[in-house]
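One structure is given here, and the rest of the page talks about it.
The values are calculated or read from the model by the stated rules, or taken from the named source; none is laboratory data. This one's a predicted model, so the numbers in the text were calculated from it and none came from an experiment. Every residue, glycine as well, gets a Cβ built from its backbone with ideal geometry; the counts of neighbours run over all protein chains shown.
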């Protein structure tokens, strides 16, 4: 049985990739739908963190509105898992296995492919200009470059 990893986000390109994979590999294949949320914003003091505030009576932590909201929110992995599950339901992928991960999307997708012994990675390609790609290489192009298993890119 062919094992297919479909890397998804909230885009139409992801849906097109999933439909094309299903057309090519059919119901006999085993599908693994992976959604990765990149939690690294690169800022040492991102919004929503707790910062100490000095007062005449000493210091106490000031909790910003974002930090209070974050207390009741699911973890990044849980949120990514929910996105993957919604994607499976919305795209009629049946009994596809879902995984939600956090971190660098390229590294996480490639690691999931190896951990789950997939035969092919299927990913959608976003239409971006050369200038945009110059400063921010796409996840798709990096996966194609670094993968040691076949990658199907759907436009």
If a residue must be under 13 Å from residue 13 (Cβ atoms) and surrounded by 12 or more Cβ atoms within 10 Å (Cβ to Cβ), how many such residues does the range 141-155 contain? 3
Could you check, for the range 117-131, whether at least one of its residues is surrounded by fewer than 14 Cβ atoms within 10 Å (Cβ to Cβ), touching a helix residue (DSSP H, G or I) at 6+ places or on another chain (Cβ under 8 Å), in a helix (DSSP H, G or I) and modelled with pLDDT under 90? no
Counting only residues that are under 20 Å from residue 26 (Cβ atoms) and surrounded by 20 or more Cβ atoms within 10 Å (Cβ to Cβ), the range 94-108 contains a total of 2
Show the residue pairs that are 6+ apart or on different chains and have beta-carbon atoms under 9 Å apart, the first residue being within the range 98-113 and in contact (Cβ under 8 Å) with a residue 60 or more places away in the chain and at positive phi, the second being surrounded by fewer than 21 Cβ atoms within 10 Å (Cβ to Cβ) and outside any helix (DSSP H, G or I). 103/37; 103/38; 103/39; 103/40
